[in-house]
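Since the structure comes first, as structure tokens, the remarks are kept for the end.
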Amino acid sequence: MKPRRRPKFGSGEIIILILIGLLVLIVVTGNLKSILDRIFGVTTALVVVVMLVEYLILKGSDRSAIYRRELEVARLKRRDDLLALRDLETQLEDLRERMTTALEGEADTPALREAIETSQRISLALLGRLRERI
């Protein structure tokens, strides 16, 4: 995602500009009462209510989209974790079978040594993969 750019005018600057504009309008027209009637009139109140409702709807839809994306990312991560754990389980089961087979035989020392070394390599690889997932 692109980094968000800061707007040229923040909300504080906009409010200050509106107040300055309002003061200039009062000075130019010289009629404070009619300006205040227009600012606090029924039409203005209706426009403010409509803008507030629109703002809340837009804000809610933005949040919903973000929550959906986060949920999808969490779901994919959970699926990947489950697949990795199943793979680790399969490899550990295979390792157990090899060790059992090596012990069931005549138990000659070179075969046992090779079986143990192979088991150690496999267990180190599995441990590394497990640590990557954590």
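The values are calculated or read from the model by the stated rules, or taken from the named source; none is laboratory data. In this text, all values refer to a predicted model and were calculated from it rather than measured experimentally. Neighbour counts run over all protein chains shown; Cβ positions are idealised from the backbone, glycine included.
Computed values, structure above
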| item | result |
| --- | --- |
| Residue under evaluation Leu36, criteria (1) surrounded by 10 or more Cβ atoms within 10 Å (Cβ to Cβ); (2) more than 30 Å from Leu127 (Cα to Cα); (3) modelled with pLDDT of 80 or more, criterion not met | (3) |
| Hey, Leu88 surrounded by 11 or more Cβ atoms within 10 Å (Cβ to Cβ) and in contact with a helix residue (DSSP H, G or I) (Cβ under 7 Å, 6 or more places away or on another chain) or not | yes |
| Any hit, the stretch 77-91, residues being farther than 30 Å from Ile122 by Cα and among the acidic types (Asp, Glu) | no |
| Residue count, the stretch 1-28 (criterion: surrounded by 10 or more Cβ atoms within 10 Å (Cβ to Cβ) and either among the hydrophobic types (A, V, I, L, M, F, W, C) or at pLDDT below 85 (or both)) | 15 |
| Helices (runs of 4 or more DSSP H) wholly inside the stretch 29-134 that include at least 2 residues being more than 30 Å from Leu19 (Cβ to Cβ) and touching a residue at least 40 places away in the same chain (Cβ under 8 Å) | 42-104, 109-133 |
